[in-house]
Amino acid sequence: MTEFYSAEARWPGCLYKVARLFCWLLRAVLWVVLLWLQTESALGWVVALTDNTVADRLPRIDRGYVVWQSSDSYRWQIYLNDGRSNRQLTDNNMLNIGPQVDRGQVVWLSHYMFAPLEINFFDGEKTRQLTDNDVCDSFPDFADGLIVWQQFDGHDDEILFYDGSGIRFLTDNEFPDRHPRTTAGLIVWEGHDGADGEIYLYRGGRIIRLTENAFADQNPRICGGRIVWEGLDGADWEIFYYDGSRVRQLTDNDLDDCDPEISESGVAWRAGDGASAGIFLYDGSEIQRIYFSEMEVGPPEICGRCVVWEGFDGHDWEIFYYDGSSVVQLTDNDGDDRYPDISACGIVWEGDDGSDSEIFLYRPLAPGDLDGDGWVDEQDLAIIAADFGRVGGFPENPAAADFFCDGDVDGLDLAFFAARFKSEDGAAGEIARR
């Protein structure tokens, strides 16, 4: 009778453990070295989420979930990547477009032929159509279980929301209310007061008017109880900021400051004068220009103090990334790379591969300073020790010590941490987890 023995049975116990530890350390070191060499100025790596013969477009990311729309050569369908595989959420004759993602749940627009747009919702298990009417529902936003959008009521646009129990009208007046945004149960939008656009906030069951002036205010964004928007001061567009108690003007210059985005740690926007453009960041105390170009610059997206945007290099569009301390050019090729988005676990964009557009994901490696004190030390070691062996947290609830965003806190993470132990880390490479 043939007997089969494991490697542990054939080797003396101590030699087996030493050999196993050596192989594990070698694998970890090789992985870290390879990942380090993949970029010269940014620690991380790029993966293609799609590689096919159809157009994949307009990706959005939340935590480790990525969503986008893909052409099946006839209609647009919605896809979701959960960090491990791609899942097709729709397979119909509809035009499915503009997906938004939050904690693995997805909202998008759809319509058939010349029918009006409707709101659709994937709750993590099943898909359903939230609206079914003869008017146009558009510009959805989705966060923390709340879906908001605008609906044309036959006269003007009004704001609606869905909270899991039913659909409610937030506004019902004679003037257009548009472009709602939501977070943490709060809703902000721009509403016309009969003269120009103003900014409104829904909080605690009541509507609060944040602006009342003689110029247009538009394009609001919200994070927690803080709101940012652009306002026309009579000469050009400026950035305004509501900190939860009062409104103040962040910019006052001769540039058009527009397309603001806000995170828990800062506000980013683009500004230009027609001849040049730049990306600016307000960190709560001061404004700094983090990027300047004599070419066109696209609107930014922000997570923590990290910012991503697209910029024209004279030939095509490329992706640029501010990691909290310096600017990195993530792409440099002959195709257009556009429409980036950023979250705690990476940056996504659509890129032209020479035949069609594909979806790409950049996964930065966290710096190792887990407690944010600027040093990689014993306090950070205690955090990684508590997380070590944890599995399954990605993409919904990634562990702080899961530097590779692969769902496991294992030897690779420990080897990466050990290489940075006792170093001063500061904010380099920071992407604040949200």
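The values are calculated or read from the model by the stated rules, or taken from the named source; none is laboratory data. Quick caveat, the model's predicted, so the values are computed rather than measured. Please note: Cβ atoms are built from the backbone with ideal geometry, for glycine as well, and neighbour counts cover all protein chains shown.
Annotation: residue 405 fulfils all but one of (1) modelled with pLDDT of 90 or more; (2) not in a strand (DSSP E or B); the unmet one is (1). Listed by position, the strands (runs of 3 or more DSSP E) contained in the range 167-216 that have at least 3 residues being surrounded by 15 or more Cβ atoms within 10 Å (Cβ to Cβ) are 177-183, 186-192, 197-203. For the range 408-434, filtering for residues that are at pLDDT below 70, under 25 Å from residue 264 (Cβ atoms) and surrounded by fewer than 20 Cβ atoms within 10 Å (Cβ to Cβ) leaves 7. Note on the range 64-80: residues that are out of contact with any strand residue (DSSP E or B) (no Cβ under 6 Å at 6 or more places or on another chain) and not in a strand (DSSP E or B) amount to 4. With respect to the stated conditions, residue 387 fails to be charged (D, E, K, R) and closer than 24 Å to residue 102 by Cα. With the structure loaded, tell me whether residue 103 is of a type outside the set (A, V, I, L, M, F, W, C), modelled with pLDDT of 55 or more and at positive phi or whether it fails that test. Considered against the rule, which asks whether it is of a type outside the set (A, V, I, L, M, F, W, C), modelled with pLDDT of 55 or more and at positive phi, residue 103 comes out as yes. When the range 108-131 is filtered for residues that are closer than 19 Å to residue 159 by Cβ and not hydroxyl-bearing (Ser, Thr, Tyr), the ones remaining, listed by number, are 108, 109, 116, 117, 118, 119, 120, 121, 130.
Among the residues of the range 130-159, those identified as part of a strand (DSSP E or B), within 23 Å of residue 68 (Cβ to Cβ) and β-branched (Val, Ile, Thr) are 147, 148. Look at (1) under 29 Å from residue 304 (Cα atoms); (2) in a strand (DSSP E or B); (3) not β-branched (Val, Ile, Thr) and you find that residue 83 fails only one, number (2).
Being in contact (Cβ under 8 Å) with a residue 60 or more places away in the chain and either over 30 Å from residue 172 (Cα atoms) or in a strand (DSSP E or B) (or both) is a property that does not hold for residue 230.
Restricting 266, 274, 278 to residues that are touching a strand residue (DSSP E or B) at 6+ places or on another chain (Cβ under 9 Å), under 30 Å from residue 314 (Cα atoms) and at pLDDT below 95 narrows the list to 274.
Restricting attention to the range 86-129, the residues that are of a type in the set (A, V, I, L, M, F, W, C) and assigned to a strand (DSSP E or B) add up to 10. Scanning the range 385-402 for residues that are surrounded by fewer than 23 Cβ atoms within 10 Å (Cβ to Cβ) and either acidic (Asp, Glu) or at pLDDT 70 or above (or both) gives 385, 386, 387, 388, 389, 390, 391, 396, 400. Can you find, within the range 256-309, the residue that is surrounded by the fewest Cβ atoms within 10 Å (Cβ to Cβ) among those that are in a strand (DSSP E or B) and among the polar types (S, T, N, Q)? Of everything passing the filter in the range 256-309, 288 is surrounded by the fewest Cβ atoms within 10 Å (Cβ to Cβ).
Looking across the range 56-83 at every residue that is free of Cβ contacts under 8 Å to residues at least 24 places away in the same chain and not hydroxyl-bearing (Ser, Thr, Tyr), the one that is farthest from residue 114 (Cα to Cα) is identified as 72.
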